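Since the structure comes first, as structure tokens, the remarks are kept for the end.
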Amino acid sequence: MSVFRKSYITIFLFVLSNIYITDCFSQSGSISGRVSDQKGGAVEYASIVVNRNKGVITDSLGYFSFNDLDKGTYHLEAQHLGHKSQQKTVDVSNDVNTVDFVLIEDLSTLDEVVVRSLVETEERKVKKTGYKVDIVKADIYKAQPFSLTDVIRKTPGILVRESGGMGSSFELYVNGLSGNKIRYFLDGIPMENFGSSLTLNNFPVNLIKKMEVYKGVVPVELGSDALGGAINISTVDLKKSFLNGSISVGSFGTKRASLNGQYVSEKGIFATASGFYNHSDNNYRMDDVNVYELDLGNFQETISTRRFHDSYRSYMFNGKVGVKGKKYADMLYVAYTGSKNKKEYQHPETNVETVYGDFHSKGETNLFSLHYKKKWKKLDLKGNVLKGKVKRTIVDTSSVRYNWAEEAFLRSSDSPEGEVYNRKRIFIITDDIIRSTITSSYHINKKNSINLGFVQNYLKREGTDRVDEFNNTFQTPNYVNKIYGGISYDHKSLNDKLRASVFVKRFVYNAKIEIQEQQNGRLSLAEPKINKTGYGGTLSYKVAKNTFLKTSFEKAYRLPNDYEILGDGAFITYNPDLESENSNNINFGALYTTRFRDMRLKAEANLFLRFSENFIQLGAVGGPYSRYDNINNVRSQGVEASLNFKINPHFSVDLNGTYQRIIERTKTVNGLPNENYNNEVPNIPYLFANSRLTVHPFDTQKKNKLSIYFDSRYVKDFFLSWKGLGDVDTKNVIPTQFVNDLTLAYSMKNDTYNVSLSCMNIFDIEAYDNFRIQKPGRSFFVKLIFNVLN
């Protein structure tokens, strides 16, 4: 560990310990009470504001509370639309102080009251912690034909790299770290090994509520071996019954549909059902592709043509049945998730020189789970158990070769070759997964709490080939077992100016992997075992009324995934010698918010440093194949900034940008000087930015409303291969891109019905992505949405 990193940790722990010791000698009190109407009925969602700068809302029974208050006099005001506000003064001299409000109805205020919420939202609570986390609200993108990856890419510091259109593989970068270094969660449940039919680029935006994007340092509660960050997707809550759905059609034969419904009875019984369907022909135009002779392989010409074998289809169903609000459980339910997909491949994921016309894969996922949640006075407990089966079928049975001119060449009937492999195959890979998660929080007092997390993830993989009798891969069951345990101690000061956390995480990994060597067909056995311990902490301090300074550190570990070691059965080959990654992740940030009448400003900046060892990266190894390898030492550093400016109810602007450098820091390779030492890792953008202009041209209080969204994304040009090798002037460069999207959305009857028209890439520029794979040009989409609420 460098002197800088040692100094950072020492200073962090010194500051935390001194503040904690000082705070332990402070005293605090609380105020609690109930808001009712003149008939004694509970007033739900009433705002209780203390000293005009801090507020809460009442629950369904009208109760509220303020905790961790210094001794002194406080002025409280209760407000609720349609009632006269009421003020009271409370002298906090005891530990517990009770005050009740009885609000008098006043309908004349309905037309003149302007509600300005001083209530601390869940988003603001998370933002005030020392974690570098961005909250992405999905509802602001629901009118557009986006998947979750489209929405996530608009977050500062986030890159989403895809190898084509809908259904193509993708890689997500968070502050320079990518792939499996980033972990994904669905309502807190790890999505690892969920299969190709249940990924972020499948999910429609309409099925989720929000996403939390953690960068660098990940809370103990999200138990996983995340190296560079995590994304937690939250679906709808269970407060009320509803039904909503959407359908979208557009260019390249694209169709999307989703349906989401929920019933909640007065007795606390609930049932939810949701699902989606996606399809696209992905037959967009490819410019300047090379055509080769099919028999001799000689170059013929360069043409522009359409993709002809790249269609994608997927669908999913999710159902939940359970109870809530019971003495034995705040929430208890069982759930089932099933999904399928079919993906055609036009070319390998790393180049467009080789063309396919028949090769494809299928995926199927079936998951059953049990969920439990309960809060006691000081203890919160959540747990779930999941069992499922994930199947993937790879079909390579064609005897025909293709090129971009759609010419076909039939090989001799006795040739065993397929389009991709030396022998034809219908290879079925089946994963049986068992996963359990337990998280708990114990609140020692109002200032201090302890959090625990435990996750067990077991995967058994088997394979069978219906065509190639010599393919013995996975015929003997392989397994991978991961166990994670973590504990954190959280502290906040009495005046809520400081929040801090320290944590320790433990990772245990063992596996039995039997693979078939491609050259000689022999089987080899690998039994890797890994034991690692990570640690870190976060610190947030309120330096002014609307200004927070934040910092965080984590010594993080990430264990190799099964397909990084084994390959994916298609284009990624195995590498059983992969070692676990580790990284020292450091963030320094600042958050500022202010509001004046209808104007609102939120600005945030973050400096990030990542010192990574045994960095795992995907690289081409020849032909259509790629392989994950360790790069011994990589340093990622950069800065990201975001600005949200709401001018009035009619206009708002969102801007964010990122500058990053990802540097190879290995001096020698196999005892020889590394020619790429101190060079930037290729195929990763270093400067990119997003912007969004939102316009509501008419009265926003009307039942019908027009909205205009103009989104832009800028990516500075970057090298496809190592900068230090060869002549820089003749190197393959992914050019600068500036892509713009426009959406017009019209909502009717208070958002009950919505219709939108979107034009993506309106100027039809040539856009490229991972390994310089061309992305779709200009496209048009129409989307219809309905919302029915009880």
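The values are calculated or read from the model by the stated rules, or taken from the named source; none is laboratory data. Keep in mind the model is a prediction, meaning the values are calculated, not measured. Cβ coordinates were reconstructed from backbone atoms using ideal geometry, including for glycine residues, and neighbour counts include every protein chain displayed. Keep in mind that these areas ignore ligands, DNA and RNA; they rest on the heavy atoms of the full protein, side chains included. Shrake-Rupley method; radii C 1.70, N 1.55, O 1.52, S 1.80 Å.
Structure summary
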item	result
The range 463-488 - residue that is outside any strand (DSSP E or B), out of contact with any Lys or Arg (no Cβ under 7 Å at 6 or more places or on another chain) and charged (D, E, K, R) and, of those, most open to solvent (accessible area, probe 1.4 Å)	Arg466
Listing of strands (runs of 3 or more DSSP E) fully contained in the range 528-628 that carry 2 or more residues being closer than 28 Å to Asn451 by Cβ and of a type in the set (D, E, K, R)	529-544, 547-558, 599-622
Within the range 433-462, tally of residues that are touching a residue at least 40 places away in the same chain (Cβ under 8 Å), in a loop (DSSP other than H, G, I, E, B) and surrounded by fewer than 17 Cβ atoms within 10 Å (Cβ to Cβ)	2
Criterion (hydrophobic (A, V, I, L, M, F, W, C) and closer than 26 Å to Gly195 by Cα) met by exactly one of Val467, Val400	Val467
Selection count where residues are acidic (Asp, Glu) and more than 13 Å from Gln774 (Cβ to Cβ), scope the range 273-287	1
Residue list for the range 618-643, filter: of a type in the set (A, V, I, L, M, F, W, C), open to solvent by 30 Å² or more (accessible area, probe 1.4 Å) and within 27 Å of Gly130 (Cα to Cα)	Val639, Ala641, Leu643
Residue match in the range 401-416 (condition: open to solvent by less than 60 Å² (accessible area, probe 1.4 Å) and modelled with pLDDT under 90)	yes
Among the candidates Asn201, Asn180, residue that is in contact (Cβ under 8 Å) with a residue 24 or more places away in the chain and not in a loop (DSSP other than H, G, I, E, B)	Asn180
Residues that are in contact (Cβ under 8 Å) with a residue 12 or more places away in the chain, under 29 Å from Leu332 (Cα atoms), open to solvent by less than 40 Å² (accessible area, probe 1.4 Å) and not aliphatic (A, V, I, L, M), drawn from the range 247-266	Ser258, Asn260, Gly261, Gln262
Within the range 1-118, strands (runs of 3 or more DSSP E) holding 2 or more residues that are at pLDDT 55 or above, surrounded by 17 or more Cβ atoms within 10 Å (Cβ to Cβ) and not charged (D, E, K, R)	29-36, 47-50, 54-57, 63-69, 72-79, 86-92
Scan of the range 220-233 for residues that are in a strand (DSSP E or B) and either touching a Phe, Trp or Tyr at 6+ places or on another chain (Cβ under 6 Å) or surrounded by fewer than 18 Cβ atoms within 10 Å (Cβ to Cβ) (or both), ordered by number	Gly229, Ala230, Ile231, Asn232
Only listed residue being out of contact with any Gly (no Cβ under 8 Å at 6 or more places or on another chain), aromatic (Phe, Trp, Tyr) and under 28 Å from Met166 (Cα atoms), chosen from Tyr263, Tyr277, Tyr312	Tyr277
The range 655-681, residues that are within 30 Å of the chain's Cα centre (by Cα) and open to solvent by 50 Å² or more (accessible area, probe 1.4 Å)	Leu655, Tyr659, Arg661, Arg665, Glu680
In the range 370-384, the residues that are surrounded by 17 or more Cβ atoms within 10 Å (Cβ to Cβ) and closer than 11 Å to Ala335 by Cα	His371, Asn384
First in the range 294-305 and within 17 Å of Val400 (Cβ to Cβ), second anywhere and surrounded by 10 or more Cβ atoms within 10 Å (Cβ to Cβ), Cβ under 7 Å, 6 or more apart	Leu294/Arg401; Leu294/Asn403; Leu294/Glu407; Leu294/Phe409; Asp295/Phe409
Criterion (under 15 Å from Leu227 (Cα atoms) and open to solvent by 20 Å² or more (accessible area, probe 1.4 Å)) met by exactly one of Phe615, Phe611, Phe553, Phe588	Phe611
Identity of the residue in the range 291-307, surrounded by 17 or more Cβ atoms within 10 Å (Cβ to Cβ) and under 18 Å from Ser399 (Cα atoms), that ends up modelled with the highest pLDDT	Tyr292
Strands (runs of 3 or more DSSP E) contained entirely in the range 329-432, each with at least 1 residues that are touching a Leu at 6+ places or on another chain (Cβ under 9 Å) and within 30 Å of Arg461 (Cβ to Cβ)	331-344, 360-375, 379-396
Some residue of the range 765-782 being open to solvent by less than 20 Å² (accessible area, probe 1.4 Å), within 30 Å of Glu353 (Cβ to Cβ) and assigned to a strand (DSSP E or B)	yes
Flag for Gly165 being more than 11 Å from the chain's Cα centre (by Cα), more than 28 Å from Ser652 (Cα to Cα) and at pLDDT 80 or above	yes
Unique residue being crowded, with 18+ Cβ neighbours inside 10 Å and either β-branched (Val, Ile, Thr) or within 24 Å of Ser361 (Cα to Cα) (or both) when the list is Asp330, Asp310	Asp310
Subset of the range 267-278 (residues that are open to solvent by less than 30 Å² (accessible area, probe 1.4 Å) and either at pLDDT 90 or above or closer than 16 Å to Phe317 by Cα (or both))	Phe270, Thr272, Ser274, Gly275, Phe276, Asn278
